[in-house]
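To start, the structure itself, in structure tokens.
The values are calculated or read from the model by the stated rules, or taken from the named source; none is laboratory data. Fair warning: this is a prediction, and the values are worked out from it, not measured in the lab. Counting neighbours? That spans all protein chains shown, and the Cβs are built from the backbone with ideal geometry, glycine included.
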Amino acid sequence: MNPQAISAVSTFEMETKISINIHASPEKIMALLTDAPNFTRWNSTIVSIEGEIEQGKTIKLISKLDPKRTFKLKVLESSPNKMVWKDGFAPMFTGVRTFSLSPKADGTTDFTMSEVFKGLMLPLIKGSLPDFKPNFEQYASDLKKATE
């Protein structure tokens with residue numbers, strides 16, 4: 001079954017979220033999600049990623065959604081079952097991507113990825129933002145394929 005991304009939008013907040021069950025351990029999935037040198041080998045949504053994906057570090061990421069822009073993302077949290085990246089400047093505009101892993105009794109893991117955009121500038125720019133749902137669906141499918 002292909003994952004289906006969902007979106008929610010209000011005046012000052014916009015979220016895209018996807019969940020998928022993966023037949024792999026959280027350790028295996030997180031190892032892939034934090035392996036910057038090999039990220040583009042499995043993830044077709046990313047053009048390039050530089051830096052160490054570790055808590056407190058900054059990474060530079062170029063996405064196929066906007067290949068002319070380099071995102072400088074701060075890794076706010078990196079634990080065995082959760083990782084959080086942030087870009088932007090509060091209160092004007094921020095984007096926070098959260099990766100969550102929930103192990104199941106049957107040995108599978110529920111993977112959830114969400115991106116929340118917030119800020120005073122959001123009403124002015126949300127019309128120019130791309131539809132993130134297809135990108136999230138591809139990201140989740142790529143991760144599932146690479147870990148199973």
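Looking at ASN43, ASN135, ASN38, which one is at pLDDT 95 or above and under 15 Å from THR16 (Cβ atoms)? Show your work before the answer.
On the way: ASN43 fails: under 15 Å from THR16 (Cβ atoms); ASN38 fails: under 15 Å from THR16 (Cβ atoms).
Going through ASN43, ASN135, ASN38 in turn, the sole match is ASN135.
Being without any contact (Cβ under 8 Å) to a residue 40 or more places away in the chain and either of a type in the set (Val, Ile, Thr) or surrounded by 15 or more Cβ atoms within 10 Å (Cβ to Cβ) (or both) is the filter here; which residues of region 53-72 pass it?
Hits for region 53-72 are ILE53, THR58, ILE59, LEU61, ILE62, THR70, PHE71.
Give just the number: which of (1) in contact (Cβ under 8 Å) with a residue 40 or more places away in the chain; (2) more than 23 Å from GLN4 (Cα to Cα) does VAL75 not satisfy?
Result: VAL75 passes all but (1).
Would you point out which residue out of GLY127, GLY95, GLY88 is buried (at least 17 other Cβ atoms within 10 Å of the Cβ), at pLDDT below 95 and not charged (D, E, K, R)?
Every option except GLY88 fails the conditions.
Which of the residues that make up region 59-91 are of a type in the set (A, V, I, L, M, F, W, C) and over 18 Å from VAL116 (Cβ atoms)?
ILE59, ILE62, listed by residue number.
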